[in-house]
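Below you'll find the structure, written out as structure tokens, and then a few comments.
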Amino acid sequence: MLFTDIEGSTRLLRDLGTEGYADALADHRRLLRDAFTAAGGVEVDTQGDAFFVSFPTATGGVVAANAAQEALAPGPIAVRMGLHTGTPSVAAEGYVGIDVHRGARVAALAHGGQVLLSAATAALVEDQPLRDLGRHRLKDFDAPVKLFQLGTREFPPLRTPGAVDLPTPATHFLGRERELFDAASLWLEREPRLLTIVGPGGTGKTRFSIELARFLADEADAGTLFVPLAPVRDAALVVPLIAAHLGASDDTAGAIATRLGDKQAHVVLDNLEQLLPDAAGRIAELLAAAPALRILATSREPLRIAGEVELDLPPMVEADAVTLFLERAQAIRADIGDTPAVHELIQRLDGLPLAIELAAARVKLLGPEQLLERIAQRLDLLKGGRDADERHATLRATIAWSYDLLHAEEQKLFARLAVFRGGATLENAEEVCGADLDTLASLLDKSLVRRRTDSDGEERFWMLETIREFARERLDASGEENELRREQCDRLIALADRAGTRAIVKGPLPWRFDLIAPEIDNVRAVLDWALDSDPSRGLRLATMLETFWVVRDAVEGAGWLERLLERVPDAEPTLRAQALRALGGASDILGDADRSPPFYRESLELFTEGGEELEAAHMRFRIAANMVMRGERETAWPLLEASLAEARALDHSIGECQALGFLADKAHRGGDVEQAIALALESATIAAALDWRWWEAGQYGEVAGMERELGRLDDAERHAQRSLELSHGLGDRRQMIFAGAELAIIAAYRGDAARAGLLWGSVEAEASSRRVGQWESGQAEFEALVLRVDGPAFTAARAEGALRSIADAACPGPAGS
């Protein structure tokens, strides 16, 4: 598999102008296709100026790459290329699978004119000069891979991965190249802080913005990111979501500005309209605070803030629209041709991409002439309305026409699926909506429902937002929403119970956050509904996610808990007690421990009145731990000792674990490090017996730091490695970062600058990818201990470490091995 991409496309556009660049791009495509065809290549996909081509042999791919680079050398365009050999699966849209992603990531590391080969391809190539470039980390892959360069030409070090984080659409970008170049020129010449692509639903704003952002990515030295907002209904979440994607230290505009410094970042905010006007002011404040940030937004209306440039995305030109229709239709029926009926149909559909795709999906039963006749009737019926935008009326009429052709069971399922804001697994579609496979497959065939595969390999069914809006109207009219939402909420509560995201009080829980993360948009949709329709049920769901909020997004969790508690002041006592405990925990994690005491006190009272001994004991521990966080340690220590005695009397092993951990901190602060180590190890041993790996990992991390203070570096390293192993298995980024930092310090104490740099570089990369919470306040202290070995060896290894995962960097052996 050969992947290609143009280097510096925006610079070329600026230098050559729109006409010159379009001509150069056409020449580039011709030269590449000639080279590919001559070597037996098959063009699998084309995304903008990028190619994906397959060859029957690795040698054929290498020959094509060499010929293509030689042909391009005299011209203005430089192309990066990557070759990988693997076993992709064949799907309707072409090749799919992990090897496709791996090959694309290999190409992304290359420079213009450079050809990179994976080890799998290099092993199959004979009589070609290959340079061993060592091991490098690919974006989205944990383990580094061996890479080779074709030829002996000198290039700079490979490009840092992860600079562009954009979705990969299932189909290639078709048409609108002129609009793309014009939009890029506008971005480069006027340098707007905010460029808003406006137009009604179905005009292809999202697809266009992705392609434009990819085209402009070379201008963004701090990266290009995509933030989908269609599932979001709270404008207060916009800035925190941007902060999380950028890896800012907290959820504020100032933290985003600090994170970027003077490096420019491009952020695509997709589907903003439902958050206006509230989001407009927040984005204006963010842009004022972070001058290095530039935003590309899609919306049905402009934000109307300073620094905004509006671009109304027009319909597709007829030639491109016809090509789109024929490509989609011929994938279903090969006999569909370019006829006058097709052109008239495109004109009636106003060149709207989504309307065209919906029509093309019907060619299995209806030819272009029949499509034209039936759609025209529906358009004439609905386009006479008062809609301010004729294109919106066209699209709405097309969706309504497609809906009207559904059988009753299909219509019912179509409406019901609107409850899934974040898409649905097959199981959830069956259980919540009563879906059967044949009906769901029919909606897929008609392009009213789409399918994607998540990173964990699970298939999800979803709707484009414009179509889901129409489905929601049908759902509202059906009167079924409350019943469906209650079922959806109960299933999410059951999922949270299975995932173990409630507070650990009565037994060890699995902490399977990976079960909840794919459903978070559905959680938000259910909680939005619950605020007005069933706040008690919503409060139960929000409370069941207590540990998920604490670890993943305490700001959002605290917001839901507060709003739901306000709506249910008379909640059942045990539920209220649990919710108050969860709200206090979120406040502690957010560094706002002063807010927690009243929540904890009322929670304790309610648990005590209800005779919940273990819950009450846990709350007494929480109150004492909160005192430590607020600096009231002398008052807290006796309470923690009492908490330990109470836990032992109740045979409450989890409570015993926690109390021992905090009393280890007491001994450490008092200067008795040996006693502190003993208490922390006792806590870790109990946690191991309970299979409570999260707590065990934290205690071993504490022990490692104390052993290092005493100069027992071998023991410190052993415990830090154990902490890293446990936290890596759980996916706990926070503890992985602390364990990796401890290992870096241990290496620095030994004078091993290369290993210290490798580890510290991996820690910095992971910490910068997304905010951690408690790490940021102590980072400077860790860094000061590591930098005791600062020098050329440390600096070089630090750069290499930035390309590795912490787990890989921590493997025994010297840097670069």
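The values are calculated or read from the model by the stated rules, or taken from the named source; none is laboratory data. Note that the coordinates shown come from a computational prediction; the quantities given were computed from them, not determined experimentally. Cβ sites come from the backbone with ideal geometry, for glycine too, and all protein chains shown count toward neighbours. Surface accessibility is based on the protein's heavy atoms, side chains included, excluding ligands, DNA and RNA. Shrake-Rupley method; radii C 1.70, N 1.55, O 1.52, S 1.80 Å.
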Handout entry: strands (runs of 3 or more DSSP E) wholly inside region 246-360 containing at least 2 residues that are surrounded by 15 or more Cβ atoms within 10 Å (Cβ to Cβ) and more than 21 Å from the chain's Cα centre (by Cα)
Key = 308-312
Handout entry: Residue within region 590-608 that is among the hydroxyl-bearing types (Ser, Thr, Tyr), at pLDDT 95 or above and open to solvent by 10 Å² or more (accessible area, probe 1.4 Å) present
Key = yes
Fill in the blank from the handout: Pairing a residue in region 428-452 that is among the small types (Gly, Ala, Ser) with any residue that is in a strand (DSSP E or B), where Cβ atoms lie under 7 Å and the two sit 6 or more apart in sequence or on different chains, gives Ala429/Phe461
Handout entry: Qualifying residue in region 415-427 (condition: open to solvent by 20 Å² or more (accessible area, probe 1.4 Å), in contact with a Cys (Cβ under 8 Å, 6 or more places away or on another chain) and in a helix (DSSP H, G or I))
Key = yes
Exercise for the section: Give the residue, chosen from Asp715, Asp691, Asp672, that is farther than 15 Å from Val628 by Cβ and in contact (Cβ under 8 Å) with a residue 40 or more places away in the chain. Expected result: Asp691
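Taking the condition open to solvent by less than 10 Å² (accessible area, probe 1.4 Å), on the phi > 0 side of the Ramachandran plot and in contact (Cβ under 8 Å) with a residue 60 or more places away in the chain, does Gly199 pass?
Working: open to solvent by less than 10 Å² (accessible area, probe 1.4 Å): yes; on the phi > 0 side of the Ramachandran plot: yes; in contact (Cβ under 8 Å) with a residue 60 or more places away in the chain: yes.
Judged against the criteria, Gly199 is a match.
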Exercise for the section: Would you be able to say whether some residue in region 696-705 is buried (at least 17 other Cβ atoms within 10 Å of the Cβ), of a type in the set (Phe, Trp, Tyr) and modelled with pLDDT of 95 or more? Expected result: yes
Exercise for the section: Would you point out which residue out of Ala503, Ala577, Ala558 is over 26 Å from Val432 (Cα atoms), among the small types (Gly, Ala, Ser) and part of a loop (DSSP other than H, G, I, E, B)? Expected result: Ala503
Problem - Boolean, Ala799 is open to solvent by 30 Å² or more (accessible area, probe 1.4 Å), among the aliphatic types (A, V, I, L, M), modelled with pLDDT of 80 or more and in contact with a Gly (Cβ under 9 Å, 6 or more places away or on another chain) - result: yes
Problem - Restricting region 654-695 to residues that are of a type in the set (Lys, Arg) and under 23 Å from Leu639 (Cα atoms), the residue that is most open to solvent (accessible area, probe 1.4 Å) - result: Arg669
Practice task
Among the candidates Ala739, Ala754, Ala748, single out the residue that is in contact with a Pro (Cβ under 8 Å, 6 or more places away or on another chain) and either modelled with pLDDT of 90 or more or crowded, with 23+ Cβ neighbours inside 10 Å (or both).
Solution key: Ala754
Handout entry: Flag if Glu409 is modelled with pLDDT of 85 or more and charged (D, E, K, R)
Key = yes
Practice task
Could you list all residues from region 628-656 that are touching a residue at least 40 places away in the same chain (Cβ under 8 Å) and under 19 Å from Arg693 (Cβ atoms)?
Solution key: Ile654, Gly655
Handout entry: Matching entry among Val523, Val551 (being of a type in the set (A, V, I, L, M), open to solvent by 10 Å² or more (accessible area, probe 1.4 Å) and part of a helix (DSSP H, G or I))
Key = Val551
Practice task
Determine which single condition Gly705 fails, assuming it passes every other condition in (1) assigned to a helix (DSSP H, G or I); (2) over 29 Å from Ala756 (Cα atoms).
Solution key: (2)
Problem - Residues located in region 456-468, provided they are in contact (Cβ under 8 Å) with a residue 60 or more places away in the chain and open to solvent by 70 Å² or more (accessible area, probe 1.4 Å) - result: Asp456, Glu458
Practice task
Would you confirm whether any residue within region 75-96 is without any contact (Cβ under 8 Å) to a residue 40 or more places away in the chain and farther than 30 Å from Glu459 by Cα?
Solution key: no
